[in-house]
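A quick write-up on the structure given underneath.
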Amino acid sequence: QVQLVESGGGLVQAGGSLRLACAASGRPFSTYTMAWFRQVPGKERQIVAGIRWSGLSTYYADFVKGRFTFSMDNDKNTTYLQMNSLKPEDTAIYYCAATNRFVRWDSHDYQYWGQGTQVTVSS
């Protein structure tokens, strides 16, 4: 079984930066699509960014374009979400997800999910 563990969340002031990491462990798993989602209590999960073919294809939600950067380190089995110019509305629990199948970026059918890491942006 593949396990995904997020880290790097915390409290930051508006305009600041955080770098989230998602480390994959356990049984080797060749991912095709990996993504970052975020969720606010009472609201549906939303796609933040995604990557396919080990970085050959990327996706960013409109609300993070120009501010967030998705990257991956295949040797370390880790993906990163660099978040700059953070806004209070970025406050959410951030999750990483992975699958070895083709799915839409915002699909609910990712095979593996992390436990989430809290990001709080203060005004």
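A compact table of results
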{"read-out": "For the chain, share of DSSP beta bridges that run antiparallel, in % to the nearest 5", "value": "90"}
{"read-out": "Unit Cα scatterers, Debye sum, the range 1-101: log10 I(q)/I(0) for q = 0.12, 0.15 Å⁻¹", "value": "-0.37, -0.58"}
{"read-out": "Distant-in-sequence amide H partners of M72 (H built 1.01 Å from N, under 5 Å)", "value": "Y80"}
{"read-out": "Karplus-derived HN-Hα couplings along the range 8-23 (A = 6.51, B = -1.76, C = 1.60, θ = phi - 60°), whole Hz, x at Gly and Pro", "value": "x, x, x, 9, 9, 7, 3, x, x, 9, 9, 10, 8, 10, 10, 9"}
{"read-out": "For the chain: relative contact order, % (alpha-carbon pairs under 8 angstrom, 6 or more apart)", "value": "36"}
{"read-out": "Gain on full stretching of the segment that runs from Q1 to A14 - 0.36 nm per residue minus C-alpha separation", "value": "0.9 nm"}
{"read-out": "Accessible area in square angstrom per residue, the range 1-117, 1.4 angstrom probe", "value": "54"}
{"read-out": "Amide proton proximity set for G16, modelled H, under 5 Å, gap of 5+", "value": "L86"}
{"read-out": "Anchor K43: lysines whose Cα lies under 30 Å away (excluding residues fewer than 8 positions away in-chain)", "value": "K65, K87"}
{"read-out": "Hz values of 3J(HN,Hα) by residue in the range 112-119 - Karplus curve (6.51, -1.76, 1.60), Gly and Pro given as x", "value": "10, 9, x, 7, x, 9, 7, 10"}
{"read-out": "Å³ per residue enclosed by the Cα convex hull of the range 8-51", "value": "127"}
{"read-out": "Amide H within-cut-off set for G116, under 5 Å, with H built and near neighbours excluded", "value": "E6, C96"}
{"read-out": "Cβ-Cβ FRET estimate between D109 and R45, R0 fixed at 22 Å, reported to 0.05", "value": "0.95"}
{"read-out": "Student exercise, the chain dipole from Lys, Arg, Asp, Glu Cβ charges, in Debye to nearest 20", "value": "80"}
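The values are calculated or read from the model by the stated rules, or taken from the named source; none is laboratory data. Because the structure is predicted, anything quoted here is derived from the model rather than measured. Heads up, the Cβs are rebuilt from the backbone with ideal geometry, glycines too, and the neighbour counts pull from every protein chain shown. We work out accessible area using only protein heavy atoms, side chains counted, and drop any ligands, DNA or RNA first. Shrake-Rupley method; radii C 1.70, N 1.55, O 1.52, S 1.80 Å.
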